[in-house]
1. Of Arg127, Arg137, which residue is basic (Lys, Arg), within 15 Å of Arg11 (Cβ to Cβ), within 14 Å of the chain's Cα centre (by Cα) and at pLDDT 95 or above?
2. Restricting attention to the range 92-105, does a residue exist that is β-branched (Val, Ile, Thr), outside any strand (DSSP E or B) and at negative phi?
3. Given the criterion of a type in the set (D, E, K, R), modelled with pLDDT of 95 or more and out of contact with any Leu (no Cβ under 7 Å at 6 or more places or on another chain), identify the matching residue among Arg86, Arg18.
4. Can you list the strands (runs of 3 or more DSSP E) lying wholly within the range 111-184 that have 1 or more residues being touching a residue at least 40 places away in the same chain (Cβ under 8 Å) and not β-branched (Val, Ile, Thr)?
5. Is it fair to say Glu63 is outside any loop (DSSP other than H, G, I, E, B), in contact (Cβ under 8 Å) with a residue 24 or more places away in the chain and of a type in the set (Asp, Glu)?
6. Sort out which residues of the range 30-58 are more than 14 Å from Gly180 (Cβ to Cβ), aliphatic (A, V, I, L, M) and assigned to a helix (DSSP H, G or I), and write them in order of number.
7. Has the range 89-107 got at least one residue that is of a type in the set (S, T, N, Q) and out of contact with any strand residue (DSSP E or B) (no Cβ under 9 Å at 6 or more places or on another chain)?
8. Looking at Ala66, Ala62 in this structure, which one is farther than 22 Å from Leu142 by Cα and surrounded by fewer than 16 Cβ atoms within 10 Å (Cβ to Cβ)?
Amino acid sequence: MDISDQKAAARKAAFAARKAAHAADPAGASGVLSSVLAGYRGVPLAGYMPIRTEIDPLPAMAEAAAHGPVGVPVILGEGQPLAFSRWTPGGPLRAGPFGAQVPEEDVFFEPEIVIVPLVAFTRAGGRLGYGGGFYDRSLERLRARRATLAIGFAYGAQEVAALPLEPTDQMLDMIVTDVGVIEV
C-alpha cells in the first residue's frame with residue numbers, strides 16, 4: 001500500500017472518530033485553547049472557520065481578537081499556500097472554497113501563531129489534514145521567514161498512535177484538545 005493509500009485509510013478512520021467526538025462535544029470545548037492563547041496576548045494569530053465536524057475555535061479567537069490581530073485562512077488557488085485575512089468577531093463574511101466563511105474584504109497579514117484544524121494527530125506532532133497540502137505549504141513559507149507556532153486544535157479522540165507522514169508534512173509544535181494540552 002503506497003503512502004497516499006495509507007493516508008486515505010487513516011483519514012477515513014479519523015473522520016469517523018472526529019464525527020463521534022463532535023456529536024458528544026460538550027459546550028466550552030475551546031476553553032483549553034483560550035487558556036493557551038492567553039499566554040500569547042497581542043501576538044498575530046490565525047485560526048479557522050470551522051466546517052463539518054471540526055472543533056470550534058471561534059470563542060477563543062474572539063477573545064484573542066480583543067488583544068491583537070486574528071485572521072482566518074483564504075485559499076488563493078490549488079497548490080498555493082494559504083493567505084491569512086484579518087477577521088473580527090461578527091464582521092461581514094462571504095463564502096470561500098470548501099464551505100468555509102472568509103472575511104468579506106481581505107486585509108492580509110502574516111500570523112506568528114497558526115491554529116491548525118486536522119483530521120488526526122500523533123503525540124509527536126504529526127498531523128493528518130484533508131490532503132490538499134494547504135497548511136503544509138503555508139507553515140513551510142511562514143517558518144522560512146520567522147518562528148511560527150503551529151497549534152493543532154482537535155478533540156482528544158482524534159489522537160492516533162502513528163500516521164503515514166511524508167517529508168513535506170509540517171509538524172505541529174503543540175496540540176490543544178478539548179481535554180488538555182500536548183507539548184511536542
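1. Going through Arg127, Arg137 in turn, just one is basic (Lys, Arg), within 15 Å of Arg11 (Cβ to Cβ), within 14 Å of the chain's Cα centre (by Cα) and at pLDDT 95 or above: Arg127.
2. Checked the range 92-105: no residue is β-branched (Val, Ile, Thr), outside any strand (DSSP E or B) and at negative phi.
3. After applying the criteria, what remains is Arg86.
4. 149-154, 174-177
5. Yes.
6. Leu37, Ala38, Leu58
7. The answer is no; no qualifying residue exists.
8. Ala66
The values are calculated or read from the model by the stated rules, or taken from the named source; none is laboratory data. In this text the structure is predicted, and so the values were computed from the model without any measurement. Neighbour counts are summed over all protein chains in view; Cβ atoms, including those assigned to glycine, are modelled from backbone coordinates with ideal geometry.
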